[in-house]
Amino acid sequence: MERPLTQNIKADGTYCTIDEYRRNGGYEAARKAVQEMESQQITQTVKDANLLGRGGAGFNTGMKWSFVNISNPNEQRYVIANGDEMEPGTFKDRLLLEGDPHQLIEGMIIAAKALKASQGFIFVRWAYKKAHQTIQKALDEAYQAGFLGKNIFGSNFSFDLHLHTSVGRYICGEETALINSLEGKRANPRAKPPFPQISGLFGKPTIVNNVETYCNIPHIIKNGPVWYKALSRSSEGGTKLYGVSGRVKNPGLWELPLGVTVRELLFDYAGGMQEGYKFRGLLPGGASTDFLVEEHLDTPMDFASVAKAGSRLGTGTMIVLDDQTCPVAFVHNLIRFFANESCGWCTPCREGLPWVEKILEKIERGEGTEKDIDILRFHTKYLAPGNTFCALAPGAMEPLQSALKYFIDDFNRHIHEKKCPWKK
Amino acid sequence: MLTEHEIKEIEKEIALYPVKSAACIEALKIVQQHRGWVADEQIKDIAQLLDMSYEEVDGVATFYNMIFRKPVGRNVIYVCNSVTCYMMGYESIYQKLSQKLGIQWGETTSDGRFTLLPNPCLGDCDHAPAMMINSDHYNRLTPDKLDEILEKYK
Ligand SMILES: Cc1cc2nc3c(=O)[nH]c(=O)nc-3n(C[C@H](O)[C@H](O)[C@H](O)COP(=O)(O)O)c2cc1C
Ligand code: SF4
Ligand code: FES
C-alpha cells in the first residue's frame, strides 16, 4: 500500500530535513512545476486528480484554484496554509507539520506557481510549539537552497513564504476569520461572497487550503492524476490521514486509501473497543459532524459515502463514544466548546449556543423537562446552515441533532429518572 | 514605555505587511513574550506605534485567549477539557492539580508559580488525557504522574 503523505515521517519524532527530503525525490515536483509547467496546466492536473479539500468541507481543490483570476501580472495574490487544527478530536495536520514540513512547503510553492502568487503564509495554531520550530527550520533551509525567495529554481518566478503562529481561538480556522487574523484583526468571519479567491488577504485574491491538502500536491504533480486516483478506493482521489480516539484498544493515526470503511478503521486499525467497553457511536470527522452508529459500520470513509449516511467525513479523525460515557454529557462537552469559541459576531450563535449548553447541563443534572428537548430541537433548526454568519454554529448542531435521533432514550431517561443514569 | 528591543522586533513585523495595523497581533505577542502579559500601558504604546486607537488594539488583545490581559504565574498549565480527554478522564487530572496547588480554573498560586487554565483540544487525542505546561506537551496522564511533572517547573 502506498503512503505518499507519510512516507518521510520518522518514528523517532524528528523532522525530515531538506537533505533527507531531497534524497527521497523531494522538490522535484516543485522544480517541474516552476520550470516546465504553465499555471493553468498545474491547476488542471490538480482538478483532474479529484483532490477534495482535507480541511473538512471537501471542495475540489483544482476547482477552487481555477476561480482565481491570474491574468494581471502586477496584482498581488496570496496562498495560505490552514494549520489551525482546533476541531476537538482532530490531530492529523500536526503529524504533517512536525514530521515533514518540506512536503507542505513544496505543495505551497506549486500552488503559488499555479496562482501566480508571490507571497504565502503558513498559519499554525498556538499549541503546536514543535511544529513552529520545524516549519521555521524548514523555511530557512528552503530559502538557503534557493527554493523560496527570488527567482526560485533559477526561473523568473519569486515566492516568499512566512510562518504565522496563532494566539488561540477555534474560529481562526474558518478561512475568512483566518484572513482577518493574518491582517492583525479580531478573527470574525467575513461575509461571502466575495470569496477569498476574489477578495481575500488585504483585499487581494487568496487561496486558503488545509495543510493536508497542500501535502498531496507534490505527489499529484510528480506522478499524475491517474496514479493519484488509483490510490483511492472511491472516485475521490488519494489517500487520507484517518484518526481514531476514545476507548479503543489502539487509538492513533493512519494514512489509508480514501474509502476504507468505518469498520476497518475501528476494528482493524484501532483494535476495537477496550476490554469492558461497548461501542455506541462515533463522530466520523471531528466535533462538528453527525453521529454514525452500528448500522453505519460498513460506510466507506469518503466524502460522498459519509454524506449519504447522514454525516460528514469532516477531518477524517473519528471520536468514539462508548457505553460507559453518558451521551448527554458527551454532547454537553462539545456544545460547551462551541459556545466558548463562538466569535460573538451573529446573534443566533452568540445567544443560542450558551442557551443550548445550559439546557444540556440542566438535563445532565437531572432537572430537565420534556419541553427542554423541544428547545434543543428548535435550536438544531434555528442554527441550521444559512441562519448564521458562518458554519461554526451549524457545525455545533450536527452532533446534537444526531444525538437526539440515536440517543433520545438516554436523554429521556435523564428526564424521567431525574438524574444521570451514568452517575453513581 | 516599550523597550527599544521590543520596538525593534515590532518594526521588523511591520515591514512584512502593507499596513501597519496588520502587525497588531505580532506586537502583542512580542510584548507578552518579554513581560508575561500585556498591561493597559502597553496597549496604549502599541496603538501609538501602529497608528491604531487604544480600543482597536484592546479589542484584538481581548479576542484571543493566548494574549493575557492580567498577570499569570511563571508557569501556565493548560489542561485539555475537550471531548476525548473528557471520556479519558481529564476531570481527575484537574481535581488533582486543583487540590495540590490550591487553585481553581483561572487562578494563580499565591507564590506565582502556576496558573491553571482549561484549553480546548491540544491535538493529542490519541494519547488522552493531555495537558501543556508552557510549551511542553504531556499526554496519557494519570493523577499520580502529576507530582513528578510539576517538579520540573519552578
Ligand atoms: C469554525 C470553523 C473552523 C475551521 N477550522 C479549520 C481548520 O482548523 N483547518 C482547516 O483546514 N479548515 C478549517 N475550516 C475550514 C476552512 O474554512 C476552509 O474551508 C478550509 O481551510 C479550506 O481548505 P481545503 O479546501 O483544503 O479543505 C474551518 C471552518 C469553520 C467554519
Ligand atoms: S456563527 Fe458563531 S462563530 Fe460564526 S460568525 Fe456567527 S457568532 Fe461568529
Ligand atoms: S480532546 Fe484532549 S487533546 Fe484532543
Which condition from (1) under 17 Å from A:S166 (Cα atoms); (2) more than 11 Å from chain A (Cβ to nearest Cβ) is the one that B:S92 breaks?
(1)
With the checklist (1) of a type outside the set (A, V, I, L, M, F, W, C); (2) within 13 Å of chain B (Cβ to nearest Cβ); (3) within 13 Å of ligand 1 (Cβ to nearest atom) in hand, flag the one item A:P196 doesn't pass.
(2)
Name the residue, out of A:R233, A:R186, that is open to solvent by 40 Å² or more (accessible area, probe 1.4 Å), modelled with pLDDT of 95 or more and under 30 Å from B:S21 (Cα atoms).
A:R186
When residues of the stretch A:350-385 are limited to those that are within 16 Å of ligand 1 (Cβ to nearest atom) and more than 18 Å from A:D290 (Cα to Cα), the one nearest to the other protein chains (Cβ to nearest Cβ)
A:R350
Can you tell me which residue within the stretch A:378-424, out of those that are within 23 Å of A:A191 (Cβ to Cβ) and small (G, A, S), is farthest from ligand 3 (Cβ to nearest atom)?
A:G386
Positions within the stretch B:69-93 being in contact with a Pro (Cβ under 8 Å, 6 or more places away or on another chain) and over 29 Å from B:G59 (Cα atoms), in sequence order
B:V83, B:T84, B:C85, B:M88, B:G89, B:Y90, B:S92, B:I93
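Okay, residues lined up against (1) free of Cβ contacts under 8 Å to residues at least 40 places away in the same chain; (2) among the charged types (D, E, K, R); (3) surrounded by 20 or more Cβ atoms within 10 Å (Cβ to Cβ); (4) within 19 Å of A:A177 (Cα to Cα):
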| site | (1), (2), (3), (4) |
| --- | --- |
| B:L16 | yes, no, no, no |
| B:W37 | yes, no, no, no |
| B:Q48 | yes, no, no, no |
| B:E55 | yes, yes, no, no |
| B:V72 | no, no, no, no |
| B:I77 | no, no, yes, no |
| B:N81 | yes, no, yes, no |
| B:C85 | no, no, yes, no |
| B:E91 | yes, yes, no, no |
Taking helices (runs of 4 or more DSSP H) that do not extend beyond the stretch A:306-411, which have at least 1 residues that are within 28 Å of A:G276 (Cα to Cα)?
A:327-341, A:347-365, A:392-406
Of everything in the stretch A:171-183 that's open to solvent by 10 Å² or more (accessible area, probe 1.4 Å) and touching a Gly at 6+ places or on another chain (Cβ under 9 Å), which residue is nearest to ligand 2 (Cβ to nearest atom)?
A:G173
Within the stretch B:106-154, of all residues that are among the β-branched types (V, I, T) and under 17 Å from the mean Cα position of the chain (by Cα), the one nearest to A:M318 (Cα to Cα) is B:I133
Output for Cβ contacts, cut-off 8 Å, separation at least six or different chains, first residue away from chain B (no Cβ under 14 Å) in the stretch A:77-105, second among the basic types (K, R) and away from ligand 2 (no atom under 16 Å from the Cβ), reads A:P101/A:K137
Would you check if there is a residue in the stretch A:238-246 being under 17 Å from the mean Cα position of the chain (by Cα), within 30 Å of A:P327 (Cβ to Cβ), crowded, with 23+ Cβ neighbours inside 10 Å and more than 14 Å from chain B (Cβ to nearest Cβ)?
yes
Flag for A:L334 being within 14 Å of ligand 1 (Cβ to nearest atom), touching a strand residue (DSSP E or B) at 6+ places or on another chain (Cβ under 9 Å) and either at negative phi or more than 14 Å from every other protein chain (Cβ to nearest Cβ) (or both):
yes
Return a yes/no flag: does the stretch B:56-69 have any residue that is among the basic types (K, R) and either more than 14 Å from every other protein chain (Cβ to nearest Cβ) or in contact with a Gly (Cβ under 7 Å, 6 or more places away or on another chain) (or both).
no
Of the residues B:G112, B:G73, only one is away from every other protein chain (no Cβ under 14 Å), in contact with a Ser or Thr (Cβ under 9 Å, 6 or more places away or on another chain) and among the small types (G, A, S); which?
B:G73
Residue list for the stretch A:318-344, filter: farther than 23 Å from B:N65 by Cβ and either hydroxyl-bearing (S, T, Y) or within 16 Å of ligand 2 (Cβ to nearest atom) (or both)
A:T325
Between A:T347, A:T317, A:T299, which is within 16 Å of ligand 1 (Cβ to nearest atom) and either open to solvent by less than 30 Å² (accessible area, probe 1.4 Å) or over 30 Å from A:S234 (Cα atoms) (or both)?
A:T317
Quick test of your reading of the structure: A:V293 fulfils all but one of (1) more than 10 Å from chain B (Cβ to nearest Cβ); (2) open to solvent by 10 Å² or more (accessible area, probe 1.4 Å); (3) touching an Asp or Glu at 6+ places or on another chain (Cβ under 9 Å). Name the failing condition by number.
(3)
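The values are calculated or read from the model by the stated rules, or taken from the named source; none is laboratory data. All of these numbers come straight from a predicted model, not from anything done at the bench. Cβ sites come from the backbone with ideal geometry, for glycine too, and all protein chains shown count toward neighbours. With ligands, DNA and RNA removed, areas are computed over all heavy atoms of the protein, side chains included. Shrake-Rupley method; radii C 1.70, N 1.55, O 1.52, S 1.80 Å.
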